[in-house]
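Worksheet: one structure, shown below.
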Amino acid sequence: MRNIVLIGFMGTGKSTVGKRLAQSLAWDFVDTDGEIGEVTNLSVTEIFRRHGETRFRSEERIVVARLSQQDQLVIATGGGTVVDHRNLEALARKGIIVGLHASMEAILSRIGHKHDRPLLKGSKAAIEKLWSERQECYAQADFTVDTSRKSIDEVVREILARLGRTTDNEFTRASKN
Ligand code: S3P
């Protein structure tokens, strides 16, 4: 069985939606940031602060390579994971890639006040620039769901419907083929 991989900018709901999606499929959920934290024993903020983004990206690549070998996982990636095309290729080999999209307005209202994302420390204009620059990476998803004005359950239902799953216990099509 393929993995289901959630990609998209910070604050689009990858982890929240991913956990709920995994629950409804009775699959395991993993979050690349969480895995990096386990391996390094450091939070994302700490890795950035102590070792810089380059080290974070290299830990991220190792985690992605490992998770890409597994099956039946719902994987929430970090917002920058698929900027590295090697990560996207690895994840796509055994996974269906689901893009989560949200408007800049929704993203800022969800996470603008939080302090756990080093790349959100810049000005609103800098965040918007990053968001725009990354849209072409996220556009490589097999399909995309806009989460801006939807509840978690609505997003999960939409993903399951797109995957061809009509009820939570009946998988009719988990692959793009
Ligand atoms: C990042 C997004 C974060 C985390 C790190 C870098 C990014 O994950 O991986 O702070 O480059 O967009 P979330 O998308 O889960 O916030």
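The values are calculated or read from the model by the stated rules, or taken from the named source; none is laboratory data. Treat the numbers as computed from the prediction; the structure is a model and nothing was measured. Glycine gets a Cβ as well: all are built from the backbone with ideal geometry, and neighbour counts include every protein chain shown. Heads up: the accessible areas ignore ligands, DNA and RNA and are worked out on the full protein's heavy atoms, side chains in. Shrake-Rupley method; radii C 1.70, N 1.55, O 1.52, S 1.80 Å.
Oblate is the label for region 44-114. Its Cα gyration tensor axes, ordered a ≥ b ≥ c, give a/c of at least 1.5 and b/c at or above a/b.
What number, rounded to the nearest 500 deg cm²/dmol, is the helix-based mean residue ellipticity at 222 nm of the chain, given -39500 (n - 2.57) per DSSP H run of at least four residues and division by all its residues? Intermediate values should be presented prior to the final figure.
Working: 8 runs with 87 residues, N = 177.
Computed mean residue ellipticity for the chain: -15000 deg cm²/dmol.
The residues of the chain expose on average 51 square angstrom of accessible surface per residue, using a 1.4 Å probe on protein heavy atoms. Annotation: extensible slack from Q23 through Q72 equals 16.4 nm (criterion: 0.36 nm per residue apart, minus Cα-Cα distance). The residue among G99, L130, S148 whose Cα reaches farthest toward the positive pole of the charge dipole of region 43-166, with charges on the beta-carbon of Lys, Arg, Asp and Glu, is L130. Three principal axis extents of region 30-149 based on alpha-carbon atoms, in descending order, are 37, 36, 21 Å.
Computed in the context of the full set of protein chains, the accessible area of region 30-177 at 1.4 Å probe radius has 48% of its extent on carbon or sulfur.
Please say if region 93-157 is rounded, prolate or oblate, where rounded means a/c under 1.5 for a ≥ b ≥ c the square roots of the C-alpha gyration tensor eigenvalues, and otherwise the choice is prolate for a/b larger than b/c and oblate otherwise? Kindly include the intermediate steps, with their values, before the conclusion.
Working: a/c = 2.09, a/b = 1.40, b/c = 1.49.
Oblate.
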